[in-house]
Amino acid sequence: MTYTHLISQRAATVERLTLNRPEVRNAFNEHVIAELTAWAGEVRAAASRHEVRVVVIAGAGKTFCAGADVTWMAKTVHYSEAENLRDATAMSRMFSAIDELPVPVIGRIHGAALGGGAGLAAVCDVVVADDQALFGFTEVKLGIIPAVISPFALAKIGRSAARELFLTGARFSAARARDIGLVHAVVPAADLDAAVTTYIDEFQTAGPDAIAAAKALIPKVWGRSPADAAPITSAAIAERRVSPEGQEGLRAFLDKNTPGWHR
Ligand code: COA
């Protein structure tokens, strides 16, 4: 599929997605949302065939993503209530589609990740940021709220940081973003791609089905007591250890071999 506002590049099993509206700092409107949702569907299908094993999301130009397109948000005043809700629901589906991808998603953040841009960071599994990057849940500064992104952001930063940052709308540094769990690695801009590559290489030496299962397990277990989680976690490991991939990995270790998935 060809996209107008996205650049999708695949090299071997690494899918690189670049948000490509640099003139508005990669802000997303309804067209970008439709394209991102379709792209996530394509990646999901390719991942099921092991054609994609890692995704990197980046932004073209000066900035990763300035969040929702303010021009688009403002024009919703002309929508009916049903149209407004349908439009917002499409945005929510987009974030879920990326959040639920069965492959690891690396966010490569430079410049700024504000509003929905910080939301995009929150649906990545690993976020690598340039040490000058700025983050912010800035919506309240515009008289709106970080609503659709809130479940994803809360799962990363927790209630305490959310109460400060959702309510002030303040911009904060990459170092702070790392401290609250939104970012995993902060590096000088010149080292950003190398840091992304380190993670790509790490993921390529793990079983792709195991990665997908580990990723799916986290939201199932999150918030449960160990006793409530036990049936889920026991079933998950019971399934994995007898799976072809699990058996291959365990056997390879014992035989001092490298499993077939190892790149
Ligand atoms: N929606 C629509 N247009 C946006 C935008 C957004 N979220 N963010 C930036 N733009 C536009 C600007 O209006 C400007 O357009 P113009 O060239 O016609 O004047 C263009 O993108 C460049 O923006 P500018 O502010 O000059 O770029 P910058 O590189 O100096 O700063 C940001 C980049 C991202 C720090 C800054 O644009 C910003 O703070 N944007 C708002 C982010 C925000 O609060 N998002 C939450 C939305 S809910």
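Numerical summary
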quantity	calculated
Subset tally (residues that are in a helix (DSSP H, G or I) and surrounded by 14 or more Cβ atoms within 10 Å (Cβ to Cβ)) for the stretch 212-249	14
Any chance ALA38 is crowded, with 19+ Cβ neighbours inside 10 Å and modelled with pLDDT of 95 or more	no
Yes/no for LEU101 being in contact with a Lys or Arg (Cβ under 8 Å, 6 or more places away or on another chain), assigned by TED's automatic domain parsing to the domain that holds PRO188 and open to solvent by less than 10 Å² (accessible area, probe 1.4 Å)	yes
The stretch 62-106 - residue that is assigned to a strand (DSSP E or B) and without any contact (Cβ under 8 Å) to a residue 60 or more places away in the chain and, of those, nearest to the ligand (Cβ to nearest atom)	ALA68
All positions within the stretch 114-144 that are within 9 Å of the ligand (Cβ to nearest atom) and either in a strand (DSSP E or B) or among the hydrophobic types (A, V, I, L, M, F, W, C) (or both)	LEU114, ALA118, LEU134, GLY136, PHE137, LEU142, ILE144
First in the stretch 128-140 and modelled with pLDDT of 95 or more and of a type in the set (Val, Ile, Thr), second anywhere and within 11 Å of the ligand (Cβ to nearest atom) and open to solvent by 50 Å² or more (accessible area, probe 1.4 Å), Cβ under 7 Å, 6 or more apart	THR138/ARG171
ASN20 being without any contact (Cβ under 8 Å) to a residue 60 or more places away in the chain, farther than 14 Å from MET91 by Cα and assigned by TED's automatic domain parsing to the domain that holds SER96	yes
LEU142 being closer than 26 Å to ASP69 by Cα and open to solvent by 30 Å² or more (accessible area, probe 1.4 Å)	yes
Hits in the stretch 111-136 - residues which are out of contact with any Lys or Arg (no Cβ under 8 Å at 6 or more places or on another chain), farther than 14 Å from PHE95 by Cβ and not small (Gly, Ala, Ser)	VAL126, VAL127, ASP130, ASP131, GLN132
Meets criteria (surrounded by 11 or more Cβ atoms within 10 Å (Cβ to Cβ), closer than 23 Å to VAL54 by Cα and away from the ligand (no atom under 16 Å from the Cβ)) for ASP179	no
Conditions (1) at positive phi; (2) over 20 Å from the mean Cα position of the chain (by Cα); number of the one not met by VAL242	(1)
ARG240 vs. criteria over 25 Å from VAL127 (Cβ atoms) and of a type in the set (Lys, Arg)	yes
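The values are calculated or read from the model by the stated rules, or taken from the named source; none is laboratory data. Here the structure is a predicted model, which is why all the values come from computation and not from measurement. Note: ideal-geometry Cβ built from the backbone for every residue, glycine included; neighbour counts use all protein chains shown. Only protein heavy atoms, including side chains, enter the accessible area calculation; ligands, DNA and RNA are left aside. Shrake-Rupley method; radii C 1.70, N 1.55, O 1.52, S 1.80 Å.
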